[in-house]
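Here's the structure we're looking at; comments come further down.
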Amino acid sequence: MQNNRIAIVGAGVAGIALAIVATKLGYQVTLYERDTEVSSIGAGVTLWPNAMFVLQQMGLDKEIIAMGGVPSYMRQFDQYGVQQGELNIAAVNDLSGYPSVTILRCDLMRILARALADLGVNIQFNCLITTADINGLKQKFDLVVGADGRMNSIVRHALYPEQVQPRYQGFINIIGISQLEGSVLNNAIHDYRGMGERFGIVPIKTGECYWAAGWSANMDKERPVSAWYQELQQRFLHWPNPVQQVLKSSETNSLKLIFVHDIDPLPYWHRDNMLIIGDAAHAPLPTSGQGACQALEDAWHLAQGLVKNDQLDNTLSDFYQQRIPKATATQSVGRQLAQQLFSDSFASQAPIASISPKRLSEFWMQGLTLQ
Ligand SMILES: Cc1cc2nc3c(=O)[nH]c(=O)nc-3n(C[C@H](O)[C@H](O)[C@H](O)COP(=O)(O)OP(=O)(O)OC[C@H]3O[C@@H](n4cnc5c(N)ncnc54)[C@H](O)[C@@H]3O)c2cc1C
């Protein structure tokens, strides 16, 4: 891109990551965030090797690893605690050349925000961008990037005035952070599955974990949140010990109820000098485990494209052509797994062991090469 002023709407993973890589490449970035601070809502994330590739390019991998955990396995159990399958994460890491790191979301966001501040860029907090602001931004900046999330992206709305409706996928998640005594998890992600129910526990540092419980449910926003939390306790009352420990020791203020939505793949992500990235463009379900990873990939690919190409229109169409297959495949993997998990029958459930480390590594690392 010849001129170099970029406005980014939304200081989530995608927005801050793009601000960092673009600033490093010499662009003048202004980052608008509606909240008063960087959000830490959302328990934790697993940064698979594709995300760690990008974080290494950003110079943040060591700090992330120091704050996070590096699990060796993902083990799948039934609701009685009988192991059903296993994924050797260490093997995936070896094949990919990058580790998989689990981290609390507040730590990830703090590291990203500090890296941006170190580059001299201040996030413009308390700046809710509205539809009425978009034209002004388009005139003032060479590029306007919507990194404003899955549910109500204002930049997506400017691209699709007919509205893109996020799709409720028929299940809820309750997420939280807990302290565990000893090494109950033995450095393995634990994935317990029952009929239409799932409880995943992700170790971070010794004794610390984040978790997500899910079950199929109608989207009832009238029901008090406390009733959902009571249901959580009831549903998983007889599930194996780590689940019990996690529920007993959960930090109350870390709990969050989510009616899980994704969006259908979109036919375009840009028009004029306006583009959407991250969840605003291709929000996958949490069952893909890839939302933040794909947001990081977007930031990296877009910055590379901006430097390589003088014509903005070409850069933005190339970006879409490059990113849409992987983003769509990720969305589709998330939907397939959600369907298996939250349908009422075990018949269609595929054990995770059926995915080889090689296939997984090839899928995740696709498109990530240094030039
Ligand atoms: C339960 C759960 C578990 C998950 N686990 C994982 C995981 O293990 N690994 C993984 O990779 N991903 C995971 N994800 C997905 C991941 O959290 C998201 O995909 C990722 O955070 C998307 O980042 P983003 O920057 O695109 O959007 P967001 O994080 O939603 O950020 C959008 C930002 O834009 C701001 N904003 C919105 N509108 C405006 C406006 N009009 N003006 C100004 N600012 C605005 C918001 O305040 C927010 O700060 C999980 C998601 C869920 C729900």
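The values are calculated or read from the model by the stated rules, or taken from the named source; none is laboratory data. As the structure is a computational prediction, the values presented were derived from the model and not from experiment. Cβ placement follows ideal geometry from the backbone for every residue including glycine, while neighbour counts extend to all protein chains displayed.
Give L232, L180 a once-over and let me know the one that is under 20 Å from A338 (Cα atoms) and surrounded by 14 or more Cβ atoms within 10 Å (Cβ to Cβ). I'd like the intermediate steps shown before the answer.
Working: L180 fails: under 20 Å from A338 (Cα atoms).
Every option except L232 fails the conditions.
Answer yes or no as to whether R156 is at pLDDT 95 or above, within 11 Å of the ligand (Cβ to nearest atom) and assigned to a loop (DSSP other than H, G, I, E, B). Spell out how you get there, then give the answer.
On the way: at pLDDT 95 or above: yes; within 11 Å of the ligand (Cβ to nearest atom): yes; assigned to a loop (DSSP other than H, G, I, E, B): no.
No: the conditions fail for R156.
Quick check on region 6-53: of everything there that is more than 7 Å from the ligand (Cβ to nearest atom), surrounded by fewer than 19 Cβ atoms within 10 Å (Cβ to Cβ) and not polar (S, T, N, Q), which residue is nearest to L108 (Cα to Cα)?
Out of the qualifying residues, it is I41.
Looking at region 34-56, I want the residues that are closer than 27 Å to P357 by Cβ and assigned to a helix (DSSP H, G or I) and have a partner that is more than 6 Å from the ligand (Cβ to nearest atom) and of a type in the set (V, I, T) with Cβ atoms under 7 Å, at least 6 apart or on another chain. Which pairs are those?
Hits for this filter: P49/V92; M52/V101; L55/I64.
For (1) surrounded by 24 or more Cβ atoms within 10 Å (Cβ to Cβ); (2) assigned to a helix (DSSP H, G or I); (3) more than 15 Å from the chain's Cα centre (by Cα), each residue gets a yes or a no:
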| site | (1), (2), (3) |
| --- | --- |
| V243 | no, yes, yes |
| H261 | no, no, no |
| L275 | yes, no, yes |
| A299 | yes, yes, no |
| Q304 | no, yes, yes |
